[in-house]
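The values are calculated or read from the model by the stated rules, or taken from the named source; none is laboratory data. As the structure is a prediction and not an experimental result, all values here were calculated from the model. Heads up, the Cβs are rebuilt from the backbone with ideal geometry, glycines too, and the neighbour counts pull from every protein chain shown. Keep in mind that these areas ignore ligands, DNA and RNA; they rest on the heavy atoms of the full protein, side chains included. Shrake-Rupley method; radii C 1.70, N 1.55, O 1.52, S 1.80 Å.
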Amino acid sequence: MAKAYRMTVGTRMINRVFHAMTRRGIGKAYRYNLSVRGRKSGRVYSTPVDVMSSGGERWLVAAYGVSQWVRNARAAGQVGLSRGGRSETVRVVELGPAESVPVLRQYWREVPVTRPYFDVTGESTDEEFADEAARHPVFRLEPPEPVA
């Protein structure tokens with residue numbers, strides 16, 4: 001059974017440290033600060049996330065499950081990403097379970113600290129990884145819509 005993610009005082013402190021490090025461009029190259037407007041409050045929220053890259057494409061993986069940033073990104077359709085003083089706005093397109101499999105496999109391999117939150121192993125089948133997509137949504141990052 002996968003571990004459940006809990007936002008505790010300790011997690012908030014760790015997120016603040018990762019946020020500050022990422023803002024300065026320190027740490028893993030896949031780590032970014034995500035900013036998204038709240039779907040109810042309209043306030044902009046920010047949290048550290050991991051962006052996977054392969055073959056010129058990039059994806060966001062909700063490693064800790066369907067969290068507030070996931071719900072807000074779904075509603076907004078776009079997010080801001082920043083790292084080391086550089087920022088960009090990107091559209092987010094949620095992938096289906098089958099499309100998510102290679103990204104989830106890559107994420108599981110490259111970000112071992114999040115493995116306890118998944119119900120798969122390195123030997124799991126594609127079907128088992130596809131089942132994880134409901135608990136760990138994957139978003140393809142695309143250029144923003146042109147302004148009319």
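Using the heavy atoms of the protein chains alone and a 1.4 angstrom probe, what is the accessible area of region 70-144 per residue in square angstrom?
Dividing the accessible area of region 70-144 by its residue count gives 50 Å².
I need to check one value: relative contact order of the chain, counting alpha carbon pairs closer than 8 Å and at least 6 residues apart, in percent.
27 percent
Given M13, F118, V61, which one lies farthest toward the positive end of the charge dipole of the chain, if we put +1 on the Cβ of every Lys and Arg and -1 on the Cβ of every Asp and Glu?
It is M13, whose Cα lies furthest towards the positive end.
Taking the Cα centre of region 49-144 as origin, sum charge times position over the Cβ atoms of Lys and Arg (+1) and Asp and Glu (-1), and report the length of that vector in debye to the nearest 20.
Charge dipole, region 49-144, about its Cα centre: 540 debye, nearest 20.
Using a Förster radius of 35 Å, what is the FRET efficiency between V93 and V9 based on their Cβ-Cβ separation? Nearest 0.05, please. If you can, show how the numbers build up before the last one.
Values: r = 34 Å, r/R0 = 0.99.
In this case the efficiency is close to 0.50.
For V111 and R39, calculate 0.36 nm times their separation in residues minus their Cα-Cα distance, and state this gained length in nm to one decimal. Walk me through the intermediate numbers first.
Values: separation 72, 0.36 × 72 = 25.92 nm, distance 2.86 nm.
Residue separation times 0.36 nm, minus the Cα-Cα distance, leaves 23.1 nm.
Report, to the nearest whole %, how much of the accessible area of the chain belongs to carbon and sulfur atoms, 1.4 Å probe, protein only.
Using a 1.4 Å probe with all protein chains present, the chain comes out at 53 percent carbon and sulfur.
At 222 nm, what value in deg cm²/dmol follows for the chain if DSSP H runs of at least 4 each add -39500 (n - 2.57) and the sum is divided by all its residues, to the nearest 500?
Taking each H run of at least 4 residues, the total per residue is -9500 deg cm²/dmol.
Under the rule a/c < 1.5 gives rounded, and otherwise a/b versus b/c splits prolate from oblate, where does region 1-99 land using the Cα gyration tensor?
Rounded.
Quick one: Karplus J couplings for region 24-34, per residue in order, coefficients 6.51, -1.76, 1.60, θ = phi - 60°, nearest Hz, x for Gly and Pro?
8, x, 9, x, 4, 5, 7, 8, 9, 9, 9
Can you tally the net charge around S82? Count Lys and Arg as +1, Asp and Glu as -1, for every other residue whose Cβ sits under 12 Å from the Cβ of S82.
Details: positive: R23, R24, R31, R83, R86; negative: E88.
Value of the local net charge: +4.
Given the options V138, V17, V103, state which has the largest fluctuation in a GNM of the chain using a 10 Å cut-off (strictly under) for Cα springs.
V17
Accessible area per residue for region 13-65 in Å², computed with a 1.4 Å probe and the full protein assembly in place, what is it?
58 Å²
Taking the Cα centre of region 1-114 as origin and charging only Cβ (+1 Lys, Arg; -1 Asp, Glu), how large is the dipole, in debye to the nearest 20?
Details: 20 positive and 6 negative charges, 107 e Å.
Roughly 520 debye, rounded to the nearest 20.
Give me the net charge for the shell around R43: Cβ to Cβ below 15 angstrom, other residues only, Lys and Arg +1, Asp and Glu -1. Display every interim value, and only then the final one.
On the way: positive: R37, R39, K40, R71; negative: none.
Cβ neighbours under 15 Å give a net charge of +4.
Considering only S67, S41, S53, give the residue with the highest GNM mean-square fluctuation for the chain, with springs between Cα atoms whenever their separation is below 10 Å.
Comparing S67, S41, S53 in a Gaussian network model of the chain, the most mobile one is S41.
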